[in-house]
Amino acid sequence: MNKIVEESGDQKILIVDDTPANIDVLDLFLEKEGYKISIAQSGESALDLAARISPDLILLDVMMPGIDGFETCLSLKSSEKTKDIPIIFITARNEPADIVKGFSVGGVDYITKPFSQEEVCARIYLHLKLKTLMADLEAKNKKLAELNDLKNKFLGMASHDLRNPISTIQGFSKIMLDHGDTLAEVDKREFLQSIHKVSNDMLTLLGDLLNISTIESGNLDLQIQPDSLVKLVEERVRMYQVMAERKNIATHLDIEEIADFSFDANRISQVIDNLLSNAIKFSPPGKDIYIWLGKNKGQAKFSVRDQGPGISPEDQDKLFKHFQKLKARPTADESSHGLGLAIAKKMVEAHEGKITVESHSGSGATFSFEIPLDR
Ligand SMILES: Nc1ncnc2c1ncn2[C@@H]1O[C@H](COP(=O)(O)OP(=O)(O)OP(=O)(O)O)[C@@H](O)[C@H]1O
Ligand SMILES: [Mg+2]
């Protein structure tokens with residue numbers, strides 16, 4: 001088998017010619033080369049067939065009763081469905097004016113009869129290859145344009161979110177510089193506390209932006225090793241209990257025993273942190289939060305149920321995308337950049353798991369993730 005046959009695999013070629021003898025010659029040797037052949041005996045049926053079967057390439061005769069090859073080519077090029085199919089004219093008309101016309105109506109090549117079979121094969125191979133390369137290039141360009149849009153959006157949102165804390169630091173440090181001597185100790189302390197808090201927020205935001213940049217560039221490497229999800233959940237809940245108590249929110253923990261299994265403890269810790277911090281951040285003071293860890297159909301499942309404002313169905317569609325600050329706003333001036341769930345989703349998916357939400361507006365939300373126990 002030669003190279004062309006190996007690569008022709010499932011590729012479909014539509015032969016358009018009104019003379020059965022011409023069709024037979026092409027059909028025979030192209031089928032031997034491994035192409036799937038379809039046949040149309042007029043321009044009209046070629047238009048119909050091309051739209052239905054989307055061939056990878058069309059070999060088109062020029063002189064045919066009804067609409068001729070040039071007109072057929074023009075029609076194919078003007079239809080969204082068929083405009084990208086490469087068309088090679090294959091005809092006895094060999095005047096330079098005909099050849100030029102063939103290219104001007106959208107043909108990619110022009111072969112005159114009598115032709116050599118090797119030459120036809122080489123040209124078909126070349127144009128199919130070009131088509132594949134073009135499609136690859138277009139897909140890559142599209143991806144690049146998407147990434148560029150995302151990058152611009154990030155820059156815009158990040159600078160917006162950094163402006164407030166920087167203004168706070170600038171304002172308070174200026175007051176301390178200008179009036180440090182006369183300020184009461186308690187005020188100085190309050191200003192320093194504010195500066196400290198917003199610097200922490202900025203560090204978190206920068207960390208999240210780095211996370212997203214790592215994820216989007218496809219460089220998220222998991223450090224998978226056996227670890228205890230039970231211990232991790234207990235530790236993270238203890239950390240967040242302090243934050244919850246400040247808002248008079250009670251946390252209830254229900255943990256089923258799970259033997260150590262393989263996962264990336266740092267990444268999963270980030271996911272747990274975001275779900276816990278969200279439940280506390282968006283709940284009004286005095287509510288309860290229920291945390292559950294257990295096993296479910298070969299997966300470890302973690303969920304957090306809160307009694308906060310819940311999430312409407314429209315907002316649920318946006319939740320896991322970047323920079324989504326939705327209807328629920330923090331109830332005690334906590335920071336909110338709308339990045340946590342987008343990052344959490346990617347981290348869980350990198351573990352071949354899934355993250356979900358169940359909620360009705362006004363009646364709390366339950367966020368859960370599952371990751372396989374047997375990676
Ligand atoms: N438990 C919840 N109850 C109600 N709304 C929620 C809850 N969790 C998230 N949301 C909504 O979804 C949005 C996105 O959440 P996400 O965790 O991605 O960002 P964030 O918490 O605002 O900021 P951060 O980047 O610090 O995590 C939130 O701004 C909030 O409006
Ligand atoms: Mg969050």
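The charge dipole of the stretch 3-115, taken about its Cα centre with unit charges on the Cβ atoms of Lys, Arg (+1), Asp and Glu (-1) only, comes to about 180 debye.
Glu370 sits among other residues whose Cβ lies under 14 Å from its own Cβ, and their net charge, with Lys and Arg +1 and Asp and Glu -1, is +1.
In debye, nearest 20: dipole of the chain around its Cα centre with unit charges on the Cβ of K, R (+) and D, E (-)?
Dipole magnitude for the chain comes out near 1120 debye.
What do you get for Rg/Rh of the stretch 181-269 when both radii come from the Cα atoms and Rh is the Kirkwood radius? Dividing the radius of gyration by the Kirkwood radius yields 1.13.
Restricting the calculation to Cα atoms, the stretch 243-375 shows an Rg/Rh of 0.95 when the hydrodynamic-style radius is the Kirkwood one.
So for the chain, averaging the separation of alpha carbon pairs under 8 Å that are six or more residues apart and normalising by length, what relative contact order in percent results? Before the final figure, lay out the partial values.
Working: 540 pairs, mean separation 35.6, N = 375.
Value for the chain: 9 percent.
With every protein chain kept in the model, how would you rank Tyr35, Tyr125, Tyr290 by accessible area, 1.4 Å probe, largest at the top?
Values: Tyr35 10, Tyr125 50, Tyr290 80 Å².
Ranked list, largest accessible area first: Tyr290, Tyr125, Tyr35.
Based on the Stokes-Einstein relation at 25 °C and a viscosity of 0.890 mPa s, and on the Kirkwood radius from alpha carbon pairs, the stretch 3-115 is assigned a translational diffusion coefficient of 176 µm²/s.
Please report, largest first and rounded to whole Å, the three semi-axes of the ellipsoid equivalent to the chain, where each semi-axis is the square root of five times an eigenvalue of the C-alpha gyration tensor. Show your work: numbers first, answer last.
Details: eigenvalues 844, 138, 66 Å².
Semi-axes, largest first: 65, 26, 18 Å.
Within the same chain, lysines fewer than 8 places from Lys174 are excluded, and of the rest, those with a Cα less than 22 Å from its Cα are Lys188, Lys197. As a fraction of the 1.4 Å probe accessible area of the stretch 3-115, surface on carbon and sulfur atoms comes out at 55 percent. Considering only alpha-carbon pairs that sit under 8 angstrom and 6 or more positions apart, the relative contact order computed for the stretch 244-355 is 27 percent. Spatially, the stretch 145-171 and the stretch 15-47 are offset by 59 Å when compared through their Cα centroids.
State the percent of C-alpha pairs, over all pairs in the stretch 139-216, separated by a distance greater than 18 angstrom. I get 55 percent for the Cα pairs in the stretch 139-216 exceeding 18 Å.
Looking at the stretch 217-308, the GluC sites (Glu not before Pro) that sit in a DSSP loop and have at most 16 other Cβ atoms within 10 Å of their own Cβ are Glu256, Glu257.
Residues in the stretch 139-216 average 71 Å² of solvent-accessible surface per residue, probe 1.4 Å, ligands and nucleic acids excluded.
The values are calculated or read from the model by the stated rules, or taken from the named source; none is laboratory data. All values reported here derive from a predicted model rather than from experimental measurement. Using ideal geometry, Cβ is built from the backbone for each residue, glycine included, and neighbour counts are taken over all protein chains shown. These area figures cover heavy atoms from the full protein model, side chains too; ligands, DNA and RNA do not enter into them. Shrake-Rupley method; radii C 1.70, N 1.55, O 1.52, S 1.80 Å.
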